[in-house]
Amino acid sequence: MIRKLLIRGMIAGFVAGLLGFCVAKTFGEPSVDRAIAFETQQDKLREQADGAAGHQHDPADDVELVSRGTQAGLGLLTGVCVFGTALGGLFSLVFAFSYARLGALRARGTSALLGLFGFVTIAIVPFLKYPPNPPSVGNPDTIGARTALFFGMVAISLIVAVFAVRLQRRLKARHGNWNAVLISAAVYIVLMALAYLALPPIDEVPRLFSATLLWNFRVAAIGIQAVIWTTLGLLFGVLAQREMEQVPARRTASA
C-alpha cells in the first residue's frame, strides 16, 4: 500500500507543481522582469562610475549561461514540477505514518490537515522571518548564509511543530482535546517567537528598490506555496481515499 500511496502522492505533487508554475508565470515573472531591469540599470551606473575612475569592464561578466526565456519557461516549469513531485512523495510518506493517528479523520481529512500543517510550518512561518527576494535584492556574498538561515528556520519550525503535536497528544487525556490544542499551539508560538528573536535579521534591500515591486514578488511567492500545498492536500486526499476504500475490498476478496 505504501508504494501505491507514494505514486499517488507524486502524481498529486506533479499536478500541484503545474498549478504552481501557472501562478509563478502569471504573477511572479512580471515582478522578476522588473527586478532584473532595475538590476541592469544599476549595473550600467556602476560601469559608468568604474569607467570614469579608469577601471576596465570585463566582457566575460556579461555572458549569460542560461537565457532569460529559458529561465522563465522550461527552467521554471521543470524546477516547480520537480519540487512538487518530490514534495508529494514525502507528503504521502508522512500521510502513511499519520493516518489513523489523528483521531477519527479519514483519508481526505488527514490529507487536508497535513496540507495545512505543512503550509503553516514550512511556508508561512519561515517566510515571515526570511521572506524571498527578487533579483537585485541581497548581497551575492551573503547568499550562502541567507540560505542556511532560511533552511535553519524551516528545520526549527518542523521540530517545534512535531513537539507541539506530541505535547497535544499527551495533554489530551488530562485537559481535553480543545484545551490541549490551545496549549500546544501557544507553546509553538512562544518557541517560534524565541527563535525569531535569536536568529539574526536580514535587511539587504537597496535604498532605491521599489517597495511595491518587492511586495508583489513576495505575495506571488507565498501564493505559489499556497496553491501547491492546497492542491497537494486536497488532491492527494481524494486519491488516497480511493486506495483506502479498495484495501478492505481486496482483503475480503482474498479471504
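The values are calculated or read from the model by the stated rules, or taken from the named source; none is laboratory data. On a predicted model such as this, the values are computed, not experimentally measured, just so you know. Reconstructed Cβ throughout: ideal geometry from the backbone, glycine too, with neighbour counts over all protein chains shown. Keep in mind that these areas ignore ligands, DNA and RNA; they rest on the heavy atoms of the full protein, side chains included. Shrake-Rupley method; radii C 1.70, N 1.55, O 1.52, S 1.80 Å.
What the table shows:
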quantity	calculated
Qualifying residue in the stretch 142-151 (condition: among the basic types (Lys, Arg) and either at pLDDT below 90 or within 30 Å of Ala72 (Cα to Cα) (or both))	yes
Options Leu93, Leu87: the member that is under 22 Å from Gly233 (Cα atoms), surrounded by fewer than 18 Cβ atoms within 10 Å (Cβ to Cβ) and out of contact with any His (no Cβ under 8 Å at 6 or more places or on another chain)	Leu93
In the stretch 23-43, residue farthest from Ile224 (Cα to Cα) [restricted to those that are touching a residue at least 12 places away in the same chain (Cβ under 8 Å) and hydrophobic (A, V, I, L, M, F, W, C)]	Phe38
Subset of the stretch 165-201 (residues that are open to solvent by 60 Å² or more (accessible area, probe 1.4 Å), polar (S, T, N, Q) and at pLDDT 90 or above)	Asn179
Single unsatisfied condition, Ala148 versus (1) closer than 20 Å to Phe83 by Cβ; (2) out of contact with any helix residue (DSSP H, G or I) (no Cβ under 8 Å at 6 or more places or on another chain); (3) touching a residue at least 12 places away in the same chain (Cβ under 8 Å)	(3)
Pairs where the first residue, in the stretch 87-100, is at negative phi and the second is open to solvent by 30 Å² or more (accessible area, probe 1.4 Å) and not hydroxyl-bearing (Ser, Thr, Tyr), C-beta under 6 Å, 6+ apart	Gly88/Met10; Gly89/Leu6; Gly89/Met10; Ser92/Leu6; Ala96/Ile2
The stretch 207-218 - residue that is surrounded by 14 or more Cβ atoms within 10 Å (Cβ to Cβ) and more than 19 Å from the chain's Cα centre (by Cα) and, of those, modelled with the highest pLDDT	Leu213
